[in-house]
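Structure provided below as structure tokens; questions to follow.
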Amino acid sequence: MAKTALELSAAAPLVVAHRLNRILAAGPHMSARDLNECMLMGSEKIIAFYQSWGAMWLQACQLQANLMMSMWQPFPMTTRSAKRTWNQAVSRNTEAVAKILSAGLKPVHATALSNSRRLSRKRK
């Protein structure tokens, strides 16, 4: 997840800078290509938002189902095994939160990287 966040933190400012430069260079009379880029910018954000929330929701549902299935396991009998079970549960919850955040970051990351690649190419 750290690599994804790092790539996103590098790609997003480049995309924003490129788009703002195009908007400022066009002035009040934008070309059809610039207008399309602005429309794409808005629609991409909405699509990435819904994909992100959908992925996070799906991941949370899967983790809740796993938690429910773990309730069928027998309770620990000794204090030592109870502590070990508790530590395992805390570790699983930490991993679960990381999985949810990672699932939510994937659509935004993919969109930002593809935009960065597309916008950094030289036009003929």
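Report the full-extension gain for the segment residue 2 to residue 110: residue separation times 0.36 nm, less the Cα-Cα distance, to one decimal in nm.
37.4 nm
Below 8 Å, C-alpha to C-alpha, sequence gap of six or more: please give me the relative contact order for the stretch 2-120 in percent.
Relative contact order of the stretch 2-120: 54 percent.
Let me ask another. Please give the peptides 96-104, 35-43 ranked by average Cβ packing (other Cβ atoms within 10 Å per residue), highest first, as a rough proxy for protection.
So the order, starting with the most tightly packed, is 96-104, 35-43.
Give me the one-decimal nm value for the distance between modelled label points at residue 66 and residue 25, 7 Å along each residue's Cα-to-Cβ direction.
Distance between label points: 4.7 nm.
Now for a separate question. FRET efficiency for residue 57 and residue 92, Cβ-Cβ distance as r, R0 = 22 Å, nearest 0.05?
It comes to 0.70.
We did not get these values from a lab; they are worked out from the coordinates using the rules stated. These numbers come from a predicted model, not from an experiment. Using ideal geometry, Cβ is built from the backbone for each residue, glycine included, and neighbour counts are taken over all protein chains shown.
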